[in-house]
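Undergrad: Take this structure first; my questions come after.
Read the figures in this text as sums done on the coordinates, not as results from a lab. As the structure is a prediction and not an experimental result, all values here were calculated from the model. Here the Cβ positions follow ideal geometry from the backbone for every residue, glycine too, while neighbour counts run over all protein chains shown.
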Amino acid sequence: MNKIEAVKQILKGRPTEPCDKGYAFAPANIALCKYWGKRDEELNLPFTSSLSVSLGTLGAETTVTITPQEDRLTLNGEAVPYPSLIMQRLVEYLSLFRTSRDLHFHVETYSSIPLAAGLASSASGFAALVMALDHLFAWTLDKRELSILARMGSGSASRSLFPGFVKWHAGIREDGMDSYAELLPDTWPEFRIGLVMVSDAKKTLGSRPAMKRTVETSYLYNAWSAMVAKDMSLIVRAIHDHDFHLLGKTSESNALAMHATMIDSWPPILYWKPETVTAIQKVWKLREEGLRLFFTIDAGPNLKLLFLKDDQHIVLQHWPEIEIIHPFA
Ligand code: PMV
């Protein structure tokens, strides 16, 4: 099945005439059990399930209106020019929802993700866009259907439909209708994330080609899926029991294993900088000294520290410059 057919299936019988305006907010998210590797590149279907925590009020606020001639994107008040990779990706995605050839969209997005924070903006961007389109056309889709549509923009966007802890079920169906995210009932108000910026340089290899290369060439990749299944059940249990040590340990080793599959690929993929390793070793040293501190790293050089409210002042003593996120504020 291709994207157009999948979208058709979900929108069957829904309104096709847009209203004046659609609006939505979607939070950014950070995976504690990572998504790495697609079983279907067209539909963004993953080999394994993943689990994230959404970043509260940090995310994308999007308004969609109808405009003549061509699609437009305004990002934080500035028009994004053609041709650019971001416009190309957006226009391709919007085309899935064009109900007539001369229907064009103006997408206006404000992102509250701190500039250069090393956080992916595509997850909250596609999730907010799909919810704004739902509002614009009055489709009234449920969260599962919206998650499937967001997934086709960017895999991790499927998880940005919800606040809090979110699980994306990998699913097994070829049409991807069982590959969607779902909110976990647990909250954890004391949970904190610290963004350690090592570099704000644009990454040289995007997650899409990096995943593809890993799946095709890494010998360790087969072990990855078995590991994810185990990590997933441990993380769900840790969240439910508020067992911070189990959560931190499992998330950190899950992220390191993901990076191991990349390093094991050919040509090798290494997103880390020397400063990444320095920061990792600093976390390990502080932990040896008794601090309850763990980290996760996505497809980039920056660390996301995981800790609890009670230890926030100690973390700030060691990293005075970092941005601290309260996912449940
Ligand atoms: O959704 P994408 O294509 O941006 O891939 C996200 C990949 C990771 O951030 C490394 C892991 C994850 O689960 O978010």
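Undergrad: Mean residue ellipticity at 222 nm from the helices of the chain, using -39,500 (n - 2.57) per DSSP H segment of n ≥ 4 over the full residue count, to the nearest 500 deg cm²/dmol?
TA: So the helix-based figure for the chain works out to -11500 deg cm²/dmol.
Undergrad: Please say if segment 247-289 is rounded, prolate or oblate, where rounded means a/c under 1.5 for a ≥ b ≥ c the square roots of the C-alpha gyration tensor eigenvalues, and otherwise the choice is prolate for a/b larger than b/c and oblate otherwise?
TA: Taking the square roots of the gyration eigenvalues as a ≥ b ≥ c, segment 247-289 is oblate.
Undergrad: Let me have the relative contact order for the chain, percent, based on Cα pairs under 8 Å that are six or more residues apart.
TA: 21
Undergrad: Past 25 Å, Cα to Cα, is the threshold; run Lys21/Lys202; Lys273/Lys309; Lys212/Lys273; Lys12/Lys212; Lys143/Lys304; Lys282/Lys304 against it and keep the listed order.
TA: Exceeds cut-off: Lys21/Lys202; Lys273/Lys309; Lys12/Lys212; Lys143/Lys304.
Undergrad: What shape does the chain take by its C-alpha gyration tensor, where a ≥ b ≥ c are the square roots of the eigenvalues and a/c under 1.5 counts as rounded, a/b above b/c as prolate, and the rest as oblate?
TA: The shape class here is prolate.
Undergrad: Counting every Cα pair in segment 167-303, what percent are over 22 Å apart?
TA: Tail of P(r) above 22 Å: 48 percent of Cα pairs.
Undergrad: Let me ask something else about it. Rounded, prolate or oblate for segment 27-134? Axes are the square roots of the Cα gyration tensor eigenvalues, ordered a ≥ b ≥ c, and the cut-off for rounded is a/c under 1.5.
TA: Taking the square roots of the gyration eigenvalues as a ≥ b ≥ c, segment 27-134 is oblate.
Undergrad: Mind checking segment 1-67 for trypsin sites (Lys or Arg not before Pro) that DSSP puts in a loop (not H, G, I, E or B) and that have at most 14 other Cβ atoms within 10 Å?
TA: Loop-located and lightly packed - Lys12.
Undergrad: Bin by bin, in steps of 5 Å, what percent of the Cα pairs in segment 84-195 do you find, going until the bin that has the longest distance?
TA: Pairs per bin, as whole percents: 2, 10, 19, 22, 20, 15, 8, 4, 1, 0.
Undergrad: Below 8 Å between Cα atoms, with a sequence gap of 6+, how large is the relative contact order for segment 190-329 in percent?
TA: 43
Undergrad: Give the residue list of GluC sites (Glu not before Pro) in segment 221-296 that are DSSP loop and have at most 14 other beta-carbon atoms within 10 angstrom.
TA: Answer by residue number: Glu289.
Undergrad: Considering the convex hull of the alpha carbon atoms of segment 58-112, report its projected area averaged over all viewing directions, in nm², one decimal.
TA: The directionally averaged projection comes out at 3.9 nm².
Undergrad: Counting other Cβ atoms within 10 Å of each Cβ, which trypsin sites (Lys or Arg not before Pro) in segment 46-115 have at most 15 and sit in a DSSP loop?
TA: Arg98, Arg101
Undergrad: A further question follows. In units of 2.2 N^0.38 Å, what is the alpha-carbon radius of gyration of segment 241-327?
TA: Relative to the rule-of-thumb radius for its length, segment 241-327 sits at 1.13.
Undergrad: Tell me the Kirkwood radius of segment 227-266: reciprocal of the mean inverse pair distance over distinct alpha-carbon atoms, in Å.
TA: Kirkwood hydrodynamic radius for segment 227-266: 10.5 Å.
Undergrad: Cα centroids of segment 149-165 and segment 1-47: how far apart, whole angstrom?
TA: Computed from Cα coordinates, the inter-centre distance equals 8 Å.
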